[in-house]
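The values are calculated or read from the model by the stated rules, or taken from the named source; none is laboratory data. These figures come from a predicted structure and were not determined experimentally. Note that each Cβ is placed from the backbone with ideal geometry, even for glycine, and that neighbours are counted across all protein chains shown. Remember, those area values only see protein heavy atoms, side chains included, never the ligands or the DNA or RNA. Shrake-Rupley method; radii C 1.70, N 1.55, O 1.52, S 1.80 Å.
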Amino acid sequence: MELWLNLFHSGVFLGYVCGLYYDVKPPRGSEYESVFWAMGGRFKYLTFIDALLQCGFFGLCVLNDIIGSNTVILSRQSSLQKLRDWLFTCLVFPMGVFVSFIFWALYAFDRELIFPASLDAWFPSWLNHIMHTLPVVGTILELYIVYHFYQKGWRLYVPILAAYFLYLSWICYIAYAGGIWVYPVFEVLDFTGRTLFLAALLLPNLLFVYLGQKLHNNVWGPQKEQTKRKGKKE
């Protein structure tokens, strides 16, 4: 199991490294060049920010597999394992699922709102899947393969709320100071529509945190009972 776990973490990590390294730029003279290089560059796109988060997380998993721990007994966990579990449960899982869900939902509804067909000429499909499909696939597999310790109560939701409002503030600042909306969907909405749309996006973020914990309990059992039972075996 340890070998397969190492191979899984290393494979996903290298996938993100490859995606980030080969992340393409709009060709010179294209309609996307000015927007792409405008305020923030790649860092204005949630997809890119999430890819960095996912890459860093799975890199941490590789390091933890080598020198950390993989125990279900809280008192025996290494600092690397505690950081791994906190990142996964509070940020990596909900953000990864959110990015994939929102992207493909809007893509199915009207791809011009999120990923115009004209991008296909220079943005390869394999890179699109690394950025928008691998997050949900990688995090769900991680949830099923690896036991993670979940924070209790409101502490589980604070990181994703903070991340949501920070990114919301960031794209609003770009719109105000740079005069551009990061995503085409905001161009077709009026002020009320944008406000409602952005407010509505908060719900999936909270839902995916909750869903992650429910799926974890379904796979591994309730956390207290699982930890106690495993502890007796060890």
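With R₀ set to 25 Å, the beta-carbon distance separating Tyr183 from Ile140 gives a calculated FRET efficiency near 0.50. When nucleic acids and ligands are ignored and a 1.4 Å probe is applied, Tyr45 ends up with an accessible area of around 50 Å². Using a probe of 1.4 angstrom and keeping all protein chains present, the accessible surface of the chain works out to 52 square angstrom per residue. Calculate what fraction, in whole %, of the accessible area of the chain sits on carbon and sulfur atoms when a 1.4 Å probe is rolled over the protein chains. Its accessible area is 69 percent carbon and sulfur atoms. Summary of the geometry: region 1-66 and region 80-128, compared by the centres of their Cα atoms, lie 11 Å apart. Where only DSSP H runs of four or more residues are counted, the chain gives -20500 deg cm²/dmol as its mean residue ellipticity at 222 nm, each run worth -39500 (n - 2.57). Per-residue Karplus couplings for region 168-174, computed as 6.51 cos²θ - 1.76 cosθ + 1.60 with θ equal to phi - 60°, are listed in order as 4, 4, 5, 6, 5, 5, 4 Hz, Gly and Pro entered as x.
To the nearest ten degrees, helix 134-145 and the longest principal axis of the Cα atoms of the chain are 10 degrees apart.
Ordered by solvent-accessible area of protein heavy atoms (1.4 Å probe), largest first, the residues Arg84, Arg28 come out as Arg28, Arg84. The stretch between Ala200 and Ser75, if pulled fully straight at 0.36 nm per residue, gains 41.1 nm over its current Cα-Cα span. The long axis of helix 202-220 is offset from the longest Cα principal axis of the chain by roughly 30 degrees.
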